[in-house]
Amino acid sequence: MSINSFGHLFRVTTWGESHGPALGATVDGCPPGVEIDESMIQHWLDRRRPGQNRYTTQRREADQVRILSGVFEGHTTGTPVQLMIENTDQRSKDYGDIKDKFRPGHADITYWQKYGIRDYRGGGRSSARETASRVAAGGLAREAIRALAPDVQITGYMVQMGAQAIDRTRFDWAQIEANPFWAPDAEAARTWADYLDDLRKSGNSVGAIIEVVARGVPAGLGAPVYGKLDTDLAAAMMSINAVKGVEIGEGMSAAMLTGEANADEIFMGQGGPRYSSNHAGGILGGISTGQDIVVRFAVKPTSSILTTRKTITRTGEETEIVTRGRHDPCVGIRAVPVGEAMMACVILDHMLLHRGQVGENRGKIG
């Protein structure tokens, strides 16, 4: 199985399986001299960690990260940084009765068709457990960004659960850390709590939409045609487990606007260009404008549900299946810190590419 890496200069390779002894990431290309220790990365892993409330899987993992290489006396050396997270609460027996059945909505059937082998213990490599590795790498990326561009802030939040969206007029940044859904709308969070409780008790699940915003990103990141910043952001978000759609800025809704409504008018401000709006999501022609970079992605409902579903076996026999074990009723909750991590990795990667090719922006305005 190839292609387990992403990024150009800041390159992350993730490894490990859901029910193996450990998983982690090898990060190559991190600049030397970045202050880092395990507690800095652990902060971000703790936000993704399972079992913290009744709305997420009750698998109990400490997600304790260890730095095995690439750091000396509290700073990166410029050599590969190896990050490892041990699995401590696997229940492989929960999957014994489905080893010859394909779970609808899961990668079981495609992995088997392609490779002729499948780790049925929680999905193996296709499990969302893999995203812990991404969050660890994203924690390192955040610290490198802090050293290069301290004004950059990356924040993710849930804007919709099922058919129930937040009210943007009630948007409050302070609310994001105040509820288990990372919702910027306190009233929506209360509604979602009741809704998800009912779904969880019935053994069902629901999808969600996550928005990730990078504020303070300088203009000039990204390159034309095949090196676009939004191309890499879209690929990064789409690579997250269960993601089925990605938007930049206005996204699909741009198709409903006229050119007059969609164009972000430009004015001259004291510190440089300013814009009347941000339909472009902070990116024009694949290059950052200096505005907020806004990405949204849609996460499908968790496929592991207690409702009996029709399926087939490896020998082609039709049968039924019930997926037991411990699963998220809304995987979108823990996808928020994963989306933040992918944003951080892509932003840092493009900062390094920009620094290597251009150094600093050459076109002056005013």
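The values are calculated or read from the model by the stated rules, or taken from the named source; none is laboratory data. The shown structure was predicted, so the numbers you read here are calculated from the model rather than taken from an experiment. Heads up, the Cβs are rebuilt from the backbone with ideal geometry, glycines too, and the neighbour counts pull from every protein chain shown. All accessible areas refer to the heavy atoms of the entire protein, side chains included, with ligands and DNA or RNA removed. Shrake-Rupley method; radii C 1.70, N 1.55, O 1.52, S 1.80 Å.
Available extension along the chain between residue 257 and residue 75 is 60.7 nm, counting 0.36 nm per residue and deducting the alpha carbon span. Per residue, the chain exposes 48 Å² of solvent-accessible protein surface, assessed with a 1.4 angstrom probe and all protein chains in place. You can think of it this way: the chain between residue 225 and residue 86 has 46.0 nm of extra reach, that is 0.36 nm per residue less the Cα-Cα gap. Note on the chain: helix-only mean residue ellipticity at 222 nm, from DSSP H runs of 4+ residues weighted -39500 (n - 2.57) and normalised by residue number, equals -8000 deg cm²/dmol. Here the 3J(HN,Hα) profile of the stretch 256-273, calculated from phi with Karplus coefficients 6.51, -1.76 and 1.60 at θ = phi - 60°, is 8, 9, 7, x, 5, 6, 7, 5, 8, 5, 10, 10, 9, x, 5, x, x, x Hz, Gly and Pro shown as x. A Cβ-based charge dipole, computed about the Cα centre of the chain with Lys and Arg at +1 and Asp and Glu at -1, lands at about 920 debye. Rounded to whole numbers, the Karplus 3J(HN,Hα) couplings from phi for the stretch 297-313 are 9, 9, 10, 6, x, 4, 6, 7, 10, 8, 6, 5, 10, 7, 7, 10, 9 Hz, using 6.51 cos²θ - 1.76 cosθ + 1.60 with θ = phi - 60°, and x at Gly and Pro. Here is the list for the stretch 263-362: GluC sites (Glu not before Pro) lying in DSSP coil, each with at most 16 other C-beta atoms within 10 angstrom of its C-beta, are 265, 317, 360.
With a cut-off of 12 Å between beta carbons, the residues surrounding residue 75 carry a summed charge of -4, where Lys and Arg count +1 and Asp and Glu -1. Just the protein heavy atoms count here, and of the accessible area of the stretch 205-323 at 1.4 Å, carbon and sulfur take up 55 percent.
Evaluated over the Cα positions of the chain, the convex hull gives a direction-averaged projected area, one quarter of its surface, of 19.7 nm². Along each principal axis, taking the top coordinate minus the bottom one, the Cα set of the stretch 260-366 gives 70, 36, 25 Å in descending order.
Within the straight-line cut-off of under 24 Å between alpha carbons, the lysines reachable from residue 99 are 114, 300, 310, sequence neighbours fewer than 8 places apart in one chain being disregarded.
When Lys and Arg each count +1 and Asp and Glu each count -1, what net charge do the other residues less than 12 Å away from residue 171, Cβ to Cβ, add up to? That works out to -3.
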